[in-house]
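One structure is given here, and the rest of the page talks about it.
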Amino acid sequence: MEKNLSVFEDNESQVRSYCRAFPSVFSKAKGSLLYDEFGNSYIDFLCGAGAVNYGHNNPIIKDAIMAYLDNDGIAMGLDFHTQAKREFIQTFNEQILMPRNLRYRMQFTSPTGTSVVESAIKLARKFTGRENIIAFTNGYHGMTGVSLSVTGNRYNRQAISYSSVSRLPFFGYMGEGFDEIAHYRKLLLDNSSGVDLPAAFILETVQGEGGINVASEKWLQGLMELAKEFGALVIVDDVQAGCGRTGKFFSFERAGIEPDLVCLSKSIGGFGIPMALLLFKDALDVWGAGEDNGTFRGNNMAFVAAAAMVNGYWHGFEFEQEIAQRAAIVSDFCHRMHREHSGLIKIARGLGLMQGMEFFDENLTAQISKLCFKNGLVIERAGDRDQVLKIMPALNVDLDVLRKGLDIVEYSIAESIG
Ligand code: PMP
């Protein structure tokens, strides 16, 4: 049967992206499987770029939303107080924050990753009275004004120039043994360096779009101290690495740090219901009422989905073990591929179920991703040259589906080299 893509090609903007890599018309999805309109199935190692951590149409989340709507629960409530919101706030406090000894005030921003980053930076600037933001090479924070200005990728930022952002090298960028924190410190102390005292540092503890670059615990701890020394705030963008992706609910837990602000979106809304949540220390709540408005800050279906997700998976710490078991399988696989194809693969790295293999030649990465799709697997690339094959299965993926997906990667690599 012919795929009919002409409706998209004739009418949709050239800006479309993922559909170019996966040129099918999808109709259904369940768990870790996507189906096209002809019933062909694909294993999903992309998971909505991190927005479907618990699988497509996850039954726990789906049942909660269906029951809510069946009961005429309010969907659009601006930012009214609603029962659904109250339940989410209580659940999130009791099951996520309190067991981790964290205390944060919650702000529901417009429901996308880029919006929550905008709000975080706006608040940091207002609180400190400073303009400059320090961001890191290869960071990705979104595609709107301020979030784009702190995003590292030059392709995304082309033809746009922004002031008040200093971009510093990310951990590992300058090579083993280079003390980045001391380097930043020197720049901050030097009036002629061009790096003004910042309102905040913004970072991903594992850079997702930037190529699965994992910050060390030491770097994270050093950055917190440095920020304190210079009266700056630390914003952790956990839009992609949060909600369990790296093995713990928050990606920064492993370093024992408490960022001043935390951005969540993507999987906080369950399986793709748009939602974003900004967490910040109580003392930072200097907003005036209505100062950071947005019509869709109160998507009650998202609150229902988010509460069901927390209740279903984050009651206690058992789910972390499930993630760790799957993460070990993926990590072992990536390291074996690296050993067996050391002429093609430069390095394997990652944390939790955010793993990647960096190829020397980005054309090969592109070819492998294409072959994977032909062989029934959706898998994306990342990195400044798209040279990293990025493995992001659902956190609760069935083990046999996970192994089958990795098999497809293995024989697609073999196929790519003939
Ligand atoms: N921050 C990070 C770390 C992300 O990975 C993304 C999306 N890839 C964003 C922000 C932006 O999110 P959105 O696309 O929902 O605006």
- Item | Tail beyond 22 Å, pair distance distribution of the stretch 305-400 (Cα, percent) | 35 percent
- List every residue whose amide H lies under 5 Å from the amide H of K28, counting only residues 5 or more places away in sequence or on a different chain, with H placed 1.01 Å from N in the peptide plane. Y35
- Item | Volume per residue of the C-alpha convex hull in the chain, rounded to whole Å³ | 153 Å³
- Could you state the number of Å between the C-alpha centres of the stretch 324-392 and the stretch 33-54? 18 Å
- Note on the structure: Relative contact order in percent for the chain (Cα pairs under 8 Å, 6+ apart) equals 23 percent
- Query: Once the whole set of protein chains is in place, how much accessible area is left on R326, using a 1.4 Å probe, in Å² to the nearest 10?
  - Reply: 20 Å²
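When you have a sec, figure out the Kirkwood radius of the stretch 73-314 from all distinct Cα pair distances and drop it here in Å to one decimal? It would help to have the intermediate numbers written out before the result.
On the way: mean 1/r = 0.0548 Å⁻¹.
Kirkwood hydrodynamic radius for the stretch 73-314: 18.2 Å.
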- Task: Could you name the aspartates and glutamates whose alpha carbon sits less than 18 Å from that of K266, not counting residues in the same chain fewer than 8 places away?
- Result: D44, E118, E204, E209, D237, D238, E380
- Note on the structure: Counting only residues 5 or more apart in sequence or on a different chain, those whose built amide H sits under 5 Å from that of G73 are none
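Would you calculate, for the chain, the mean residue ellipticity at 222 nm contributed by helices, counting each DSSP H stretch of 4 or more residues as -39,500 (n - 2.57) and dividing by all residues, to the nearest 500? Before the final figure, lay out the partial values.
Values: 14 runs with 152 residues, N = 418.
Roughly -11000 deg cm²/dmol at 222 nm, from the helical runs in the chain.
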- Please turn the phi angles of the stretch 214-222 into ³J(HN,Hα) values with the Karplus equation 6.51 cos²θ - 1.76 cosθ + 1.60 (θ = phi - 60°), one per residue in order, whole Hz, x for glycine and proline. 9, 6, 6, 4, 4, 5, 5, 5, x
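Could you rank F108, F296 by how accessible they are, 1.4 Å probe, largest area first?
On the way: F108 25, F296 125 Å².
Ranked from most to least accessible, the order is F296, F108.
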- Probe 1.4 Å - accessible area at E229, Å² to nearest ten: 100 Å²
- Query: Just how much of S267 is accessible, in Å², when a 1.4 Å probe is used and the result is rounded to the nearest 10?
  - Reply: 0 Å²
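For K30, K122, give the ranking by accessible area with the largest first, probe 1.4 Å. Could the numbers behind the result be given before it?
Details: K30 125, K122 90 Å².
So the residues, ranked largest to smallest area, are K30, K122.
Greater than 22 Å separation of Cα atoms is the criterion. Which listed pairs, K85/K281; K3/K28; K346/K370; K186/K346; K3/K370, meet it?
Checking Cα-Cα distances, K186/K346 exceed 22 Å.
Which order do Y68, Y35, Y155 take by accessible area at a 1.4 Å probe, largest first? Please list the in-between numbers first.
Numbers: Y68 45, Y35 70, Y155 165 Å².
Largest accessible area first, the residues go Y155, Y35, Y68.
What number comes out for accessible area per residue over the stretch 73-314 if the probe is 1.4 Å? Units Å², please. Walk me through the intermediate numbers first.
On the way: 9740 Å² over 242 residues.
Per residue, the stretch 73-314 has 40 Å² of solvent-accessible surface.
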- Item | Cα gyration tensor, the stretch 205-296 - rounded (a/c under 1.5), prolate or oblate | oblate
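Of the heavy-atom accessible surface of the chain (probe 1.4 angstrom), what whole percent is carbon and sulfur?
Numbers: 9430 of 18620 Å².
Carbon and sulfur atoms account for 51 percent of the accessible area of the chain.
The values are calculated or read from the model by the stated rules, or taken from the named source; none is laboratory data. Just so we're clear, the structure is a prediction, and the values are computed from it rather than from any experiment. To get the accessible areas, we keep the full protein, side chains included, count just its heavy atoms, and leave off ligands, DNA and RNA. Shrake-Rupley method; radii C 1.70, N 1.55, O 1.52, S 1.80 Å.
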